[in-house]
Amino acid sequence: MELALLERNLGFAVGLVLVVLVTGLLVDQAVPGAHVAVGLGLAACLLALARAARLTAADLGLARPAWPSGLRWGAAAAAVVAAGYAVALLVPAVRQALPAGDGEVGRAALLAALVVVPLGTVLPEELAFRGLLLALLGRGHGVRAATLWSSGLFGLWHILPSLGGGVANAAIAGAVGGDAAGTLLRVVATVCFTAAAGVVLCALRLRSGSLLAPVLAHWAVNGLGIMLAQLA
């Protein structure tokens, strides 16, 4: 494959990114326990595609001069998420909607929050949606359209996970029911929520100039969410 092909053909480059993502998702679903390996493999493939498309470190939000800004914005966003979770724990209706936890954060929860989530979920998703797709789509359509398209794709990316297990799905199912109508409502709500979250994450990426900002915010939502479920 010639490097110039990906650089010239925006649709082809975006399509390849989506193919890599879907392939990774299918492998992840087919091979239990391989989430971290699949996530790292996805990240490696995405970086190879970025190089083939001649995207720079700055295009991806990985340039070193922007790291301090990314850390500041990411830490601030993570603090807002943590504060929101802390307030949620004080609301009886929220605690009752969550499945019963252990009352403490055990080893398995720490492993999931500190290893599985950042390496298997956050890293490849941020690199794909706030890295490659935002940069590639921004080349041909501008920042605003790139934000909307990448965020919409981020929402659609969560259709399959919304049909599975997990604390969030269990809580929503408890509220809307587990029948066909409830499942459809859960999927639609998940897609809309994650698409809106994608817009916020894109804003963090663009404002800070660094992928570290959405990475930290994304980890806070998922990783701290695991801890919240254990403490509920």
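The values are calculated or read from the model by the stated rules, or taken from the named source; none is laboratory data. Here the structure is a predicted model, which is why all the values come from computation and not from measurement. Here Cβ is always computed from backbone atoms with ideal geometry, including for glycine, and neighbour counts include all displayed protein chains.
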*Go through region 128-232 and tell me which helices (runs of 4 or more DSSP H), entirely inside it, have 3 or more residues that are in contact with a His (Cβ under 8 Å, 6 or more places away or on another chain), modelled with pLDDT of 85 or more and surrounded by 15 or more Cβ atoms within 10 Å (Cβ to Cβ).*
180-208
*asked:* With the structure loaded, tell me whether Gly223 is of a type in the set (Gly, Ala, Ser) and within 14 Å of Gly70 (Cβ to Cβ) or whether it fails that test.
replied: no
_Condition met for Val17 (out of contact with any His (no Cβ under 9 Å at 6 or more places or on another chain), closer than 24 Å to Ala220 by Cβ, of a type in the set (Val, Ile, Thr) and surrounded by 15 or more Cβ atoms within 10 Å (Cβ to Cβ))_ = no
_Set Leu25, Leu42: member being within 17 Å of the chain's Cα centre (by Cα), among the aliphatic types (A, V, I, L, M), surrounded by 14 or more Cβ atoms within 10 Å (Cβ to Cβ) and modelled with pLDDT under 95_ = Leu25
*Pair list, Cβ under 7 Å, 6 or more apart: region 131-152 residue more than 20 Å from Gly70 (Cα to Cα), other residue in a helix (DSSP H, G or I) and of a type in the set (Ser, Thr, Tyr)*: Leu137/Ser150
